[in-house]
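The values are calculated or read from the model by the stated rules, or taken from the named source; none is laboratory data. Computed from a prediction, not measured in an experiment: that's the story for all the values here. Glycine also receives a Cβ, built like all others from the backbone with ideal geometry; neighbour counts cover every protein chain displayed.
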Amino acid sequence: MGNKIALQEWINPLYLTPQTLQQIHTAFSQAQPFPFIQLGNFLLEQKAESLRTALLKAKKVETYIPHMHSYSTIKEDKTIAAYKEFFENSGFLTLLGTMIKQPCKKATVSCKSFEQRNYTLLHDTVQQKEGIYCFLDVTKDWPAQANGQTIFVSETGAEPVIFSRAWNTLNIVKRTANTHSFVKYVNAAAGNKEVLLMELHVE
Amino acid sequence: MRENPRIGALKGWVQELHLDDAAIKKYTKEFQHNAPFPHLLFKNFLLPKQIEFLTKALEKIQFEPKDSDLFSLKQTKDLRTNTNVALSSFYTMLTSPYFQKYLQEITGIPKLKPHVDIAGLMFEKHDYLLPHDDYLDHRKIAYILYLSPTLSTKEGGALEFFSVNKENIPQKIVKTYPPMQNSFMIFKVSRQSHHQVAEVLADKKRITIGGWFHG
C-alpha cells in the first residue's frame, strides 16, 4: 500500500473531522434495509473534475453479454492510476474503516462507463460479492429521465434502495448475501452523456 | 364442395389466405427453418375489423406501469376472464381446437393445452424489454399480436432475436422485426429463444396482445 497519502489533498475537509465521521457511522449503521450512505462533494472539486476528464478521455472496452450486462470498462491511464493508488492506499482505507467502524484492509478498484443502451441485470447464476462495496460517481449533468441509477434490492422484500446519478458522491454499501444490485438501462434521453464510476470492492 | 371446418371456424377472425393447406405447408417449412430459433411472422393476420375491435377494447382497459432491471413497460391484468366481447371472443378463438390444431401443424409442437396466457402490453417512449428467453418448462409457443400502427426502424420497439453459443448464451442480434400493425408473431420457447424489445424512441405507443401457449 506504500506511504500514507495526505487525505486533505484529495478529500473534502468536512469528511475528515471526528464529529462528521461519527455522524457518518451512525447514519450508515442505522440505514435500512442494509447499511449504506451517500456522501456528497466527496473529493475536492478540482480532484473530481480531473478524474472525470481522465475517465472521459480514457480508452474504453465494451463488454456485452446480452442477458447479463452491457457497459464499458475504462482502461487505466497515468491520471486514473493515481486515483486508484489513492483509494487503495492505507490512508483512505483507514478513513473508510473509521466511517463504517470495520477494518478495511484492501480495496480492488475498477472503472466503468454506461452509455445509452447500457445496463446490468440481476442474474440467478451470478453471486455478487458480500462485503463493503463503494462507488465514486463522477457523472455530471445527468438527465434524470435517462435512468442509469444503481439500484439495490434485497430478497427480504424491502423497498429497493436507489442511488440516482449524483456528481462527486462516494456511495458506501454493506452488501449481504441477499443484497443484489443492478444499473438501470440507460435510455436515449442520455444523448451523448455517460455515467462514470470508480468502483471499490473492499476487504 | 364442403368447406374445410378449420377455415369455417377461423375465417371470422383470421384472413383466409393464411388458412388453406398450401399456406400451412409453406408456414410449416418457414417456421422450422427460420433462424436463430423456430419462429414465424404472419402479416395482415386478422380481419381489419377485428384489429379495430381489439384496439378499442384495450383502450378501455387500464395498463399498469411495470418496472424492473429487465423492463420498463405497461401491462394489463390477465385478459382471460375479461368480459369485453372482442377480447373474450379473441381468447375463445385462440383456445379453440381449430386454432390449436392450426398452430400444432405449423410448429410441429403436439398436445397444446387449452390454457393460454394473455395480456396487453404497451411500450411508450423510452420503454424496453431487455434480453431473456421466456423459458419455463410448460411454455411451448410465445405469441404477439401487434395492434398499434406500424413503427419504422428509427422509431424503435423492434422485436430482436439473438444467436446463441453452444451453452445457449446469447451472442448478438441476428433478426429484427419492427412492430407492424396486424402482424402475428409466434416463436418456439426454449433455452435458445433469447429476445428483446428495443427501446421505443418515438413519441408513439407500441400496443400488443401476447402470451404463451402451454403444453
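A compact table of results
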| read-out | value |
| --- | --- |
| Qualifying residues in region B:162-192 (those that are within 14 Å of another protein chain (Cβ to nearest Cβ), basic (Lys, Arg) and surrounded by fewer than 17 Cβ atoms within 10 Å (Cβ to Cβ)) - the one nearest to the chain's Cα centre (by Cα) | B:191 |
| Among (1) more than 26 Å from residue B:118 (Cβ to Cβ); (2) touching a residue at least 40 places away in the same chain (Cβ under 8 Å); (3) away from every other protein chain (no Cβ under 14 Å) - the single one residue B:143 does not satisfy | (1) |
| In region A:69-112, the residues that are among the hydroxyl-bearing types (Ser, Thr, Tyr) and surrounded by fewer than 20 Cβ atoms within 10 Å (Cβ to Cβ) | A:72, A:73, A:79, A:90, A:94, A:98, A:108, A:110 |
| Residue identified as out of contact with any Cys (no Cβ under 9 Å at 6 or more places or on another chain), at pLDDT 95 or above and surrounded by 15 or more Cβ atoms within 10 Å (Cβ to Cβ) among B:10, B:40 | B:40 |
| Answer residue from region B:95-121, given it is farther than 13 Å from residue B:214 by Cα, surrounded by fewer than 21 Cβ atoms within 10 Å (Cβ to Cβ) and among the hydrophobic types (A, V, I, L, M, F, W, C) and is nearest to the chain's Cα centre (by Cα) among those | B:119 |
| Selection count, region B:134-177, where residues are of a type in the set (Asp, Glu), modelled with pLDDT of 95 or more and farther than 13 Å from residue B:39 by Cβ | 2 |
| Count of region A:185-201 residues which are more than 9 Å from every other protein chain (Cβ to nearest Cβ), buried (at least 21 other Cβ atoms within 10 Å of the Cβ) and touching a Phe, Trp or Tyr at 6+ places or on another chain (Cβ under 7 Å) | 6 |
| Some residue of region A:177-195 being in contact with a Lys or Arg (Cβ under 6 Å, 6 or more places away or on another chain) and charged (D, E, K, R) | no |
| Count of residues meeting criterion [within 13 Å of chain B (Cβ to nearest Cβ) and either under 20 Å from the mean Cα position of the chain (by Cα) or β-branched (Val, Ile, Thr) (or both)] in region A:58-70 | 5 |
| Failed criterion for residue B:36 (all others in (1) free of Cβ contacts under 8 Å to residues at least 24 places away in the same chain; (2) more than 21 Å from residue B:147 (Cβ to Cβ); (3) within 14 Å of another protein chain (Cβ to nearest Cβ) hold) | (1) |
| Residue among A:152, A:135, A:182, A:163 that alone is within 23 Å of residue B:123 (Cβ to Cβ) and either away from every other protein chain (no Cβ under 11 Å) or surrounded by 19 or more Cβ atoms within 10 Å (Cβ to Cβ) (or both) | A:182 |
| Sole exception among (1) within 11 Å of chain A (Cβ to nearest Cβ); (2) in a loop (DSSP other than H, G, I, E, B) for residue B:131, by number | (2) |
| Subset tally (residues that are more than 14 Å from chain B (Cβ to nearest Cβ) and touching a residue at least 24 places away in the same chain (Cβ under 8 Å)) for region A:95-126 | 17 |
